[in-house]
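Chemist: Below you will find the structure I want to go over with you.
The values are calculated or read from the model by the stated rules, or taken from the named source; none is laboratory data. These numbers were taken from a predicted model, which means no experiment stands behind them. For neighbour counting, all protein chains shown are included, and Cβ atoms are generated from backbone atoms with ideal geometry for every residue, glycine included.
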């Protein structure tokens, strides 16, 4: 009999990709519906919980601790393994790269501290937990992430908008790959530590390297414009999200990559999607020559 996974936040970018990946691997997939389901009832018969709930930044302080406490309590009832999509916020502005399992969590900014406390709650809960840590997402459809919302809306007109310094490393994760890795880790859960922190290596790209790769996919040169952070600053008094975007700006100017040593130790068989194919799948079809789509390989 196939194992069962409960997806929390199945309509979000990580949850949607996770549901697809688990279904493709033959799991029974349950999508939690907040309008009708009760978490402590929904977990019965479940072996793995994917906690992809992600409130808006401005709601993190009030909602993140409560939501994750609820998940921990529900997972404890049935000894389920919880998979949490982790990020790089916990490390903080001054932490040298690469960021890995032994890198100290020393973020002092509000969002970083919330994530530190959330991960600490899992670590000391004794609930089986996998933090699958990744950089910014590359998705196969527009889902409101940095790549599709800020950087590439004008790419069909030959313009790429970049949010930071173009000569520093930045961590990226292709969501289908990340969620395929989540399935593989779930299937090895009985072989893992009770708490696993698994940085996903993904792609490490400077802005210049990303631009070059996109130009190869598109078959044309791109004009790169710097993101207008001043506009977000001006909007801060009336736009609740703006202060939090400004808070995390440092990630675009701080060189970082994720150390994939633990990931490779656990999943030596994992084969990542080739960068150009991932980028092509994330761009509007009208922007990508069919030749590019058909000649890329995994």
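Chemist: Do you know which residues across the stretch 79-95 are loosely packed, with under 15 Cβ neighbours inside 10 Å and either at pLDDT 95 or above or under 15 Å from the mean Cα position of the chain (by Cα) (or both)?
Modeler: Once the filter is applied, which keeps residues that are loosely packed, with under 15 Cβ neighbours inside 10 Å and either at pLDDT 95 or above or under 15 Å from the mean Cα position of the chain (by Cα) (or both), the stretch 79-95 yields only 79.
Okay, residues lined up against (1) in contact with a helix residue (DSSP H, G or I) (Cβ under 7 Å, 6 or more places away or on another chain); (2) on the phi < 0 side of the Ramachandran plot; (3) in contact (Cβ under 8 Å) with a residue 60 or more places away in the chain:
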{"position": "135", "(1), (2), (3)": "no, yes, yes"}
{"position": "155", "(1), (2), (3)": "yes, yes, yes"}
{"position": "158", "(1), (2), (3)": "no, no, yes"}
{"position": "171", "(1), (2), (3)": "no, yes, yes"}
{"position": "175", "(1), (2), (3)": "yes, yes, yes"}
{"position": "181", "(1), (2), (3)": "no, yes, yes"}
{"position": "218", "(1), (2), (3)": "yes, yes, yes"}
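Chemist: Here are 210, 251, 214: which of them is in contact with a strand residue (DSSP E or B) (Cβ under 7 Å, 6 or more places away or on another chain), within 25 Å of residue 141 (Cβ to Cβ), in a helix (DSSP H, G or I) and at pLDDT 95 or above?
Modeler: Numbers: 210 fails: in contact with a strand residue (DSSP E or B) (Cβ under 7 Å, 6 or more places away or on another chain); 251 fails: in contact with a strand residue (DSSP E or B) (Cβ under 7 Å, 6 or more places away or on another chain).
Criteria check complete, one pass: 214.
Chemist: State whether one or more residues within the stretch 96-105 are buried (at least 18 other Cβ atoms within 10 Å of the Cβ), out of contact with any strand residue (DSSP E or B) (no Cβ under 6 Å at 6 or more places or on another chain) and more than 20 Å from residue 255 (Cα to Cα).
Modeler: There is no residue in the stretch 96-105 that is buried (at least 18 other Cβ atoms within 10 Å of the Cβ), out of contact with any strand residue (DSSP E or B) (no Cβ under 6 Å at 6 or more places or on another chain) and more than 20 Å from residue 255 (Cα to Cα).
Chemist: Sort out which residues of the stretch 170-203 are surrounded by fewer than 19 Cβ atoms within 10 Å (Cβ to Cβ), farther than 16 Å from residue 264 by Cα and in contact with a strand residue (DSSP E or B) (Cβ under 6 Å, 6 or more places away or on another chain), and write them in order of number.
Modeler: 195, the sole residue that qualifies.
Chemist: Return yes or no: is residue 127 within 30 Å of residue 276 (Cβ to Cβ), in contact with a helix residue (DSSP H, G or I) (Cβ under 6 Å, 6 or more places away or on another chain) and not in a helix (DSSP H, G or I)? Write out each step before concluding.
Modeler: Numbers: within 30 Å of residue 276 (Cβ to Cβ): no; in contact with a helix residue (DSSP H, G or I) (Cβ under 6 Å, 6 or more places away or on another chain): yes; not in a helix (DSSP H, G or I): yes.
Criteria not met by residue 127.
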